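The block underneath contains the structure these notes are about, expressed in structure tokens.
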């Protein structure tokens, strides 16, 4: 196998394992992990935003778990539905752990914003059948 094929396989593997996050940000001293059911990062400084999309099927519930650590600066989080209606909005979130339940079918965008924030965030989600 030539080097070009190996490089292509490595790039595809990285893209698949990295999850589907996007944004515009700068970070210093950061460690980031993104999968199809989690976005997380710890850092010395985070400025900008990171987003991910979550789809909820009919008859399904998605529980979003947020674990925020704030040492300095500000961090916020929003969850918007496909009509750009805010389902959740938090600004200047202190160290906390909370849950948001999505029980309406559709597409949602979860966005974490940092303003000279030092700390970490871990946003994870679990899908289950409605009861």
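Bear in mind these aren't lab numbers, they're just calculated from the coordinates by the rules spelled out. Remember, it's a predicted structure, so these values are computed and weren't measured experimentally. Using ideal geometry, Cβ is built from the backbone for each residue, glycine included, and neighbour counts are taken over all protein chains shown.
Observations
- Gyration tensor over alpha-carbon atoms, the chain, equivalent ellipsoid semi-axes in Å: 26, 23, 12
- Cα→Cβ-extended label distance, 7 Å offset, between residue 20 and residue 53, nm: 0.5 nm
- Available extension along the chain between residue 65 and residue 83 is 4.2 nm, counting 0.36 nm per residue and deducting the alpha carbon span.
- For the chain, the relative contact order works out to 31 percent when only alpha carbon pairs closer than 8 Å and six or more residues apart are counted.
- Counting other Cβ atoms within 10 Å as a rough exposure proxy, the listed residues 113, 35 run 35, 113 from fewest neighbours to most.
- Contact order for segment 50-107, expressed relative to its length and based on alpha carbon pairs under 8 Å spaced 6+ residues apart, stands at 50 percent.
- Helix-derived mean residue ellipticity, 222 nm - over the chain, DSSP H n ≥ 4, -39500 (n - 2.57), to 500: -3500 deg cm²/dmol
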